[in-house]
1. Tell me yes or no: at least one residue of segment 420-437 is assigned to a loop (DSSP other than H, G, I, E, B), closer than 30 Å to Gly389 by Cα and among the β-branched types (Val, Ile, Thr).
2. Against the definition (within 27 Å of Gly109 (Cα to Cα) and modelled with pLDDT under 85), how does Ala254 come out, yes or no?
3. State all residues of segment 225-258 that are among the acidic types (Asp, Glu) and touching a residue at least 40 places away in the same chain (Cβ under 8 Å); if no residue qualifies, say none.
4. With out of contact with any Gly (no Cβ under 9 Å at 6 or more places or on another chain) and not assigned by TED's automatic domain parsing to the domain that holds Leu481 as the only criterion, which of Val376, Val422 stands out?
5. Within segment 447-492, how many residues turn out to be polar (S, T, N, Q), within 22 Å of Phe406 (Cα to Cα) and out of contact with any Leu (no Cβ under 6 Å at 6 or more places or on another chain)?
6. Only one of (1) farther than 22 Å from Asp366 by Cβ; (2) part of a helix (DSSP H, G or I) fails for Ile203. Which number is that?
7. Search segment 112-162 for residues being closer than 20 Å to Ala80 by Cβ and not hydrophobic (A, V, I, L, M, F, W, C), and hand back the single one that is nearest to the chain's Cα centre (by Cα).
Amino acid sequence: MLMSVRWLIATALVVLVFGVVWAVSAEMYDLSKSTSLEIAAVTAAAIGLPLSWWSFRGQLLDEPPEVAWVTWRRMPSAPALNLPRPKDEARLESAFQPGPRTQVVVLTGPSGAGKTQLAAGYARARIAEGWPLVAWINSGSHEEMVAGLLEFADALSLRVPEEGTPRALERLRRHPPTGTQPSLIIFDGVSDLESIRPYLPAIPGWRVIVTSGAQEASHLGVEVALDLPATTELTAQTGLPESTCRKLGRLPSALDLAVATVREQASGSEPYLDRLRTVAAGQLLGDGQDGSRYEERYPAGSAEAVLVALQDSGFETDKEVRGLLGLLAVLSPSGASRGLLYQSADRVEDTVARLARWSLVSSRMDTDGVLLHELVRRAVDDRLRTDGGLPQAIADAAELLDRSTFGEEQAWDRRAEGDQLVAHIAALSTSAGSVTASLPPETVERVLGLRQWATRQLSAVGDGNRAVELAESIRHECETLLGPEHPDTLAASDNLVIAYVAARRSAEGIPLAEDVLATRERVLGDDHQDTLASHYTLAYAHEYAGHLDDAVRLYDKTYVEYARVYGPDNPQTATVGAALARVRAIAPARAAGRHRTGSAPQRPPRE
């Protein structure tokens, strides 16, 4: 780790003070050499201790540590059919001009044209050259993008407990490049270019690549528009006839599937072309303007190539294949870790290897993530909707995620895992929302529970703004569908109060906490655990709003209620008692202006 500016300043001041005190005590007061040294050492130490803390805090919080190497292998690995694109690679490289300033290059082009693989190839090449900082951020949705940025911030030691996501992301924006080469960050699959502008590096020395289907990108940076390869070039590289390449829309992603299918079936190119004519792409071709579900348009042949690969790989007949593809289709597009997928079935690795041979799934460079191309995701989603299998896929994914959640006491230690689960839950909620009427009540309840968990996880790691946004949407939906006094609605309101506290908006949560408490007392009774939890939440909101006298009074009342219901030795009662002692202890500090508010609340454990 390199020395920070603050450390150098602190060291210089300590040396200066030591020298001045030594000289003054020896010359002016005519003290002995040993006595002068002792006085100088004590004085320097007295000044050095606070300066050391100032230096350490600055390095930890304000001046991020220099990280020598971050091998960030989150980008896709090379595909089986890695078509050489020397002209596009040269255009991408030439778009970056010499100089220290941060530069943004936006790769645009048709869906499936290979924007992601071109960017990934550039990243893999830079890693091979020894570039120290290379980051890959999946940006198909805001949740994916934030999860990726936070994971990168963690790798750079830029996340600090109780300070929240905005501070970590701002540190990441201002992290200096490392080493002599530029640092590289790639935002892949961006639909709204303006959405990433607040996250672009603010320190010179970074190179930024954005892949997007946007029609106009010059306002963000240098636009490099990709053209589809020529038919003759594709025929030479793949061995497929020109007629097949044209049928597949000349898309590299579709050609990859075609080559894999021909290889696995050992059927030759002409029979394969006949197979393409036997399937119908249906709504896979829609552009969002004709009543279809999708914004991007793919050529008919490319969609048909996916459907042929799905049929021949066993999607209709093999339960393992169907189950795994169904999970990947409803989880986050950034991919699912093998650790998560291993919990879903016994033969996951064999199924992944089989689907990889068909080019239906791919992996990341770190070998952990299993990915679906957007075209394959769309085809799987369409097939599941057509045959009524999507509700089962959603139910399986909800059960899998439910088994993977953890308690709030582990929120910070498992924050990277939590970020990914939040992204998965967001994607699953979108899929579930499109077929709510077809889902069993238990699945709807489980998806709602997962969203509630996501709210609490975000609050617990200090990501208050995102927690408030999610909690408000859940509360509104519950009130609309279930009514204001339904237990799920009250739980959503309680989570919203906690989110307000995490967002440092505690005063806004107090009226809501009072309403929830009054309703639970009337509907559930004074002794119900949810009513007792509402007493605690109200006290906590008052504490972090700075109303310490009210907080002490409410905590005291809550402690009496918990002791009456559970007994004085119960762990829940002890937790409330500790909160009461904490607030009583910080009252003097609050008067002196030292009480920090806004950290995530720790609610009492439930039985």
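1. The answer is yes; a qualifying residue exists.
2. No, not satisfied.
3. Residues satisfying the conditions are Asp227, Asp256.
4. Of Val376, Val422, the one residue that is out of contact with any Gly (no Cβ under 9 Å at 6 or more places or on another chain) and not assigned by TED's automatic domain parsing to the domain that holds Leu481 is Val376.
5. 4
6. (2)
7. Residue satisfying both the conditions and the ranking: Thr116.
Yes or no, residue by residue, for (1) under 30 Å from Gly164 (Cβ atoms); (2) of a type in the set (Gly, Ala, Ser):
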position	(1), (2)
Asp346	no, no
Leu355	no, no
Leu360	no, no
Thr405	yes, no
Asp413	yes, no
Glu417	yes, no
Ala427	yes, yes
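The values are calculated or read from the model by the stated rules, or taken from the named source; none is laboratory data. This one's a predicted model, so the numbers in the text were calculated from it and none came from an experiment. Please note: Cβ atoms are built from the backbone with ideal geometry, for glycine as well, and neighbour counts cover all protein chains shown.
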